Amino acid sequence: NVFAPQVNRIVAEHPKDENAQLTNLFVKIGRLQFFVIMLILTGFIFFGEYFIYIWVGSSYSQAYALTLLLICPVTVALIQNIGIEIQRAKNLHKFRSIVYAIMAVINVVISIICCQKLGIIGVAMGTAFSLVIGNIIIMNIYYHKKMGINVIAFWKSILQIFPAFIIPIVLGVSIKYFVEYSSLMSFVITVLIYSAVYLVSMALFGLNKTEKKNLKLQIIGVINKHDKNNR
């Protein structure tokens, strides 16, 4: 929503190169959202099972798998949320509503069928299937073919971030399978350590030159503001 005015301005004032500008914005915002959302997703993958255990007990052990089935497909939709504003600016949001309505019906049908065979996991699988088909496959094709957004460039830019996940993933897997928590405080400290390693890894290996420059400027601005307040 913050970028809605900028999207509308591009569509209204730059009709000749609006697709190029909108693609740049789509990639820029998507990458920033990806950094934040993947911290939450990977954090839940590595710490969510124990968190559910200490929160509600072992009787809710299935909640871990259920949550992963639901939040993994949603991740893609969340990092492409700026696309919704682009659809509105171009008056092309009707298609999205139709797709979501159809997938909601398909979701119900598949969930009922899967529930009879797999129980509650089957319901989550039905929802995950509808999210993958509707939110990811169909909408990405629509963005690329109809709206003029270079989705291929978007995913190439996202894939360039993945080497930065090597260190956090190695750390996360090691923690999940080899660390035993002695108390709630030790769990919280471990989560904070993982978060710090994730942020440093993204800053060093995930950000591109422009993002690193902007981050540096933000840090300098915060330091200067702090010094000014102290004076």
Can you tell which of ALA4, ALA77, ALA12 is open to solvent by 60 Å² or more (accessible area, probe 1.4 Å) and either over 12 Å from the mean Cα position of the chain (by Cα) or not acidic (Asp, Glu) (or both)?
-> ALA12
Kindly establish whether TYR100 is among the hydroxyl-bearing types (Ser, Thr, Tyr), open to solvent by 70 Å² or more (accessible area, probe 1.4 Å) and assigned to a helix (DSSP H, G or I).
-> yes
Does TYR143 satisfy the condition of being surrounded by fewer than 18 Cβ atoms within 10 Å (Cβ to Cβ), touching a Gly at 6+ places or on another chain (Cβ under 7 Å) and of a type outside the set (Gly, Ala, Ser)?
-> no
Being closer than 16 Å to HIS144 by Cα and open to solvent by less than 60 Å² (accessible area, probe 1.4 Å) is the filter; apply it to segment 21-57 and report the residue that is farthest from the chain's Cα centre (by Cα).
-> GLN21
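Can you name every residue in segment 130-172 that is over 25 Å from VAL27 (Cα atoms) and without any contact (Cβ under 8 Å) to a residue 24 or more places away in the chain? Show your work before the answer.
Going through segment 130-172, the residues over 25 Å from VAL27 (Cα atoms) turn out to be 170-172.
Scanning segment 130-172 gives a single hit, VAL170.
Report, by residue number, each residue of segment 58-70 that is in a helix (DSSP H, G or I), open to solvent by 60 Å² or more (accessible area, probe 1.4 Å) and not aromatic (Phe, Trp, Tyr). Steps first, answer last, please.
Our first condition is that a residue be in a helix (DSSP H, G or I); within segment 58-70, this holds for 58-60, 62-70.
Still in the list and also open to solvent by 60 Å² or more (accessible area, probe 1.4 Å): 58-60, 62, 70.
Within segment 58-70, SER58, SER59, GLN62, LEU70 meet the criteria.
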From the list LYS117, LYS176, LYS156, which one is open to solvent by 20 Å² or more (accessible area, probe 1.4 Å), modelled with pLDDT under 90 and either out of contact with any Ser or Thr (no Cβ under 7 Å at 6 or more places or on another chain) or not in a helix (DSSP H, G or I) (or both)?
-> LYS117
Residues of segment 120-137 that turn out to be more than 18 Å from the chain's Cα centre (by Cα) and open to solvent by less than 80 Å² (accessible area, probe 1.4 Å), as a count | 5
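The values are calculated or read from the model by the stated rules, or taken from the named source; none is laboratory data. This one's a predicted model, so the numbers in the text were calculated from it and none came from an experiment. All Cβ positions, even for glycine, are placed from backbone atoms using ideal geometry, and neighbour counts span all protein chains on display. Surface areas here come from the heavy atoms of the whole protein model, side chains and all, with no ligands, DNA or RNA. Shrake-Rupley method; radii C 1.70, N 1.55, O 1.52, S 1.80 Å.
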